[in-house]
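Take a look at the structure set out below.
Values quoted throughout were computed directly from the atomic coordinates according to the rules given, and no laboratory measurement underlies them. Quick caveat: nothing in here was measured; it's all calculated off a predicted structure. Because the Cβ atoms are built from the backbone with ideal geometry, glycine has one as well, and the counts that use them run over all protein chains shown.
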């Protein structure tokens, strides 16, 4: 039987690190929007706004900025914008995203947790049910693909 | 008997193992989810949530379901030291809590009809009741966020809830719609709890805390968590291992 590596997390240093990071990055902001973002319903089409001249470098896409379709993810719409530089994806921006509610306030932990760590490993077993956040990613993939199609 | 539906823009699955399962009992739960979507959807103009946000409906005049959800939201806000909130820029959006709550209510509906062995799932969040098909518990795989179609962990649960929060992946890039992706360490966080409502609300709160979220889950009695980070490692709570089905 495989043994897992057991680690004890030292909370003081850990939270100090997190606090420093939070202070540096500031509050998380809402979805970034750009001038040509599309705010309508999921049936709207994608747009292409190629920027700096054509091609390409070694990648397979044409340089530029491309807006994907608005897809129906859960609890709302999802739309991405893709930037191609040197022929490949250099950035992905969310123009629309089904909102979560996350407050970035610092949390004060009392107890010291005991956590374990491992490398993830594929399992071949049959299961009854699968848990995972895959559904929003389908909308993400769809919106991304429509943007990449324009860049092809 | 196993049935699927597409509700609230999400895949819904209900499977009942008990003998004599009736399709109309499953349909009742699907219809309940549709009604909940009409109340809570922030994308339906006529939903109670949107009417509240436009000032057309006061909370005290809203349905008892909405008032109950708001009460649960307040409790979750306290329990998570403010990391969980259903108010964003002054607008109400209870999405981070409604899914788990609705699944849990749906499961209670089936229990009232006499079913003792079944599961109710909406988009990867699941309430299992009873001991599954072989009497040992329901086996649930945790998705590999990096490889489509692959599972990285199997747990066996009876009478519990499981919920997973996650980010977006393409190849090795993690995209965080909240801003700077370079800081996004946590790719997936799965929480096991006494029911899916509890698992979902704390998965939502914990995911907002980043790497610290798994320590938050560890601090909660009766919960277990499995966090996957962008370097393809997992960090899990002390109480998680007893649910794991090992492959060797």
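Things worth noting here:
- Ranked for footprinting exposure by Cβ neighbours inside 10 Å, fewest first, A:66, B:226, B:43 give B:43, A:66, B:226.
- Cα shape, chain B, gyration tensor, a/c 1.5 rule: oblate
- For the range B:2-136: Kirkwood Rh in Å [reciprocal of mean 1/r, alpha carbons]: 16.0 Å
- B:104, B:138 arranged by Cβ crowding within 10 Å, fewest neighbours leading: B:104, B:138
- Neighbour-count order for A:144, A:115, fewest beta carbons within 10 angstrom listed first: A:115, A:144
- Inter-label distance for residue B:1 and residue A:125, nm, one decimal - labels placed 7 Å from Cα along Cα-to-Cβ: 3.0 nm
- Its residue count N fixes a reference of 2.2 N^0.38 Å for the range B:2-59, and the Cα radius of gyration divided by that reference is 1.45.
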